[in-house]
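Below: the structure, in structure tokens.
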Amino acid sequence: TACAILNAANEEAVEAFLNKKIRFDQIPVIIENVMNAVPSQEATDLERIFAADVAARKLATHLISMER
């Protein structure tokens with residue numbers, strides 16, 4: 001599920017940057033923090049992939065809100 005986690009964190013961080021909520025240089029920091037915090041699992045079914053996506057987006061959103 002690492003790819004889903006990376007993608008979700010990236011999408012949330014880039015959207016926050018485009019909406020002027022974070023600076024450009026904060027994008028990789030958000031992604032790195034999410035990648036380190038959300039555990040990656042074997043992608044055996046879609047439910048696991050979607051769960052990883054949701055968890056990554058929630059954490060990314062939380063981290064972004066703390067950057068203000």
Quick one: helix 46-66 against the long Cα principal axis of the chain, what's the angle to the nearest 10°, folded into 0 to 90? 20
Round to a whole number: what % of the accessible area of the chain belongs to carbon and sulfur, probe 1.4 Å? 58
When the dipole is taken about the Cα centre of region 1-62, and only Lys, Arg (+1) and Asp, Glu (-1) are charged at their Cβ, what size is it in debye, to the nearest 20? 300
Residue-averaged 222 nm ellipticity for the chain, from DSSP H runs of 4+ at -39500 (n - 2.57), nearest 500: -24000 deg cm²/dmol
Structure-derived log10 I(q)/I(0) by the Debye sum over Cα atoms at q = 0.12, 0.18, 0.26 Å⁻¹ - corresponding label in (1) -0.27, -0.57, -1.02; (2) -0.26, -0.59, -1.14; (3) -0.30, -0.66, -1.22: (1)
Charge dipole of the chain about the Cα centre (unit charges at C-beta), most positive-ward option of ALA8, GLN41, HIS62: HIS62
Taking 7 Å along the Cα-to-C-beta vector as the label spot, tell me the GLU67-CYS3 distance in nanometres, rounded to one decimal. 2.5
With a 1.4 Å probe and every protein chain left in place, work out the accessible area per residue of the chain in Å², rounded to a whole number. 67
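The values are calculated or read from the model by the stated rules, or taken from the named source; none is laboratory data. Bear in mind the structure is a predicted one, so any value in this text is a computation, not a measurement. Cβ coordinates were reconstructed from backbone atoms using ideal geometry, including for glycine residues, and neighbour counts include every protein chain displayed. SASA here: full protein model, heavy atoms, side chains in, ligands and nucleic acids out. Shrake-Rupley method; radii C 1.70, N 1.55, O 1.52, S 1.80 Å.
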